[in-house]
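Undergrad: Okay, here's the structure, questions in a sec.
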Amino acid sequence: MAATKAEQENFEPLGPPPAEKPQSLDTPVLAPRVGPMEVMRIPDFRWMAFASVFMVFGFEARAAVQSWLSYELTGSQAWVGAVNGVPAIAVIALSLVGGLAADRFPKRDILLVVRAAIVAMSFLTAYHHE
């Protein structure tokens, strides 16, 4: 038996109302555009970026002085290459340990510990007297 027009108008379906037409999987969902400098609005990120810039300058200055000093002491370009290349072995070995730590510990804590260790090593190197 067919429902009359009056019955169809007063009909309330059970359950939630029908949703709008779902988007096709082929239709891309566009995120709002954010500029590359938007992240600089976060104060903690600004501090980290600022500190990272100075840390990189410090590493590069140390590498330049270390290269110059090794050449002055030995007169050999091979020793300059060795002095700058040997730390790569430590970087490769410690990157495996760093990956394990990154999976198990909070990233912020890892950054704090590593940066503190770098500062401590720098001071120990600078103030080592024989």
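Read-outs: derived from the displayed coordinates by stated rules, not from any lab. Treat the numbers as computed from the prediction; the structure is a model and nothing was measured. Cβ coordinates were reconstructed from backbone atoms using ideal geometry, including for glycine residues, and neighbour counts include every protein chain displayed.
Undergrad: If I model a spin label as a point 7 Å beyond the Cα along the Cα-Cβ vector, how far apart are those points for Glu60 and Leu111 in nm?
TA: Rounded to a tenth, the inter-label distance reads 2.1 nm.
Undergrad: Does the range 73-121 come out rounded, prolate or oblate by the C-alpha gyration tensor, with a ≥ b ≥ c the root eigenvalues, rounded set by a/c under 1.5 and, if not, prolate when a/b is larger than b/c and oblate if not?
TA: oblate
Undergrad: Something else: What does the extension gain come out to for Ala51 and Ile89, with contour length at 0.36 nm per residue minus their alpha carbon separation?
TA: Values: separation 38, 0.36 × 38 = 13.68 nm, distance 2.57 nm.
Here the answer is 11.1 nm.
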